[in-house]
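The values are calculated or read from the model by the stated rules, or taken from the named source; none is laboratory data. Note that the structure is predicted; figures quoted are calculated from it, not measured. Ideal geometry is used to build each Cβ from the backbone, glycine not excepted, and the neighbour counts take in all protein chains shown.
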Amino acid sequence: MAEHHHEEPGRELPDFPTEITFKAIYRFSPHLMETLRNALHEHGLSAVVESRPSSGGKFVSYTVTAVFESEERLKAVCGVVAAIEGFMTMF
């Protein structure tokens, strides 16, 4: 029996280059915004980064918007963002 691979509905990749916005959540650290911005800059991204602390102040979410030239570039940047100390999740 032949295997059929189906893409999930609604999970199609966009045409690159494209602007993508994602959120990353971290445990709070005083220099986290600077660390995140430097990491994005080192990968050649001119990104808009906005932050919002949790109500208790233990966590902070960052909304990152940037233009990505390819899926490979997007995956590489997501890997760098996830490697920053205090990372919890990304969506």
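Miscellaneous remarks
- Residues in the stretch 11-24 include none that are touching a Pro at 6+ places or on another chain (Cβ under 8 Å), outside any helix (DSSP H, G or I), exposed (fewer than 15 other Cβ atoms within 10 Å of the Cβ) and at pLDDT 95 or above.
- Filtering the stretch 34-85 to residues that are assigned to a loop (DSSP other than H, G, I, E, B) and either closer than 21 Å to Phe16 by Cα or of a type in the set (Asp, Glu) (or both) leaves His43, Gly44, Leu45, Ser46, Ala47, Glu69, Ser70, Glu85.
- Selection from the stretch 20-47 of residues that are within 17 Å of Glu69 (Cβ to Cβ) and of a type outside the set (Phe, Trp, Tyr): Ile20, Thr21, Leu40, His41, Glu42, His43, Gly44, Leu45, Ser46, Ala47
- Condition met for Val49 (β-branched (Val, Ile, Thr), surrounded by 13 or more Cβ atoms within 10 Å (Cβ to Cβ) and over 12 Å from the mean Cα position of the chain (by Cα)): no
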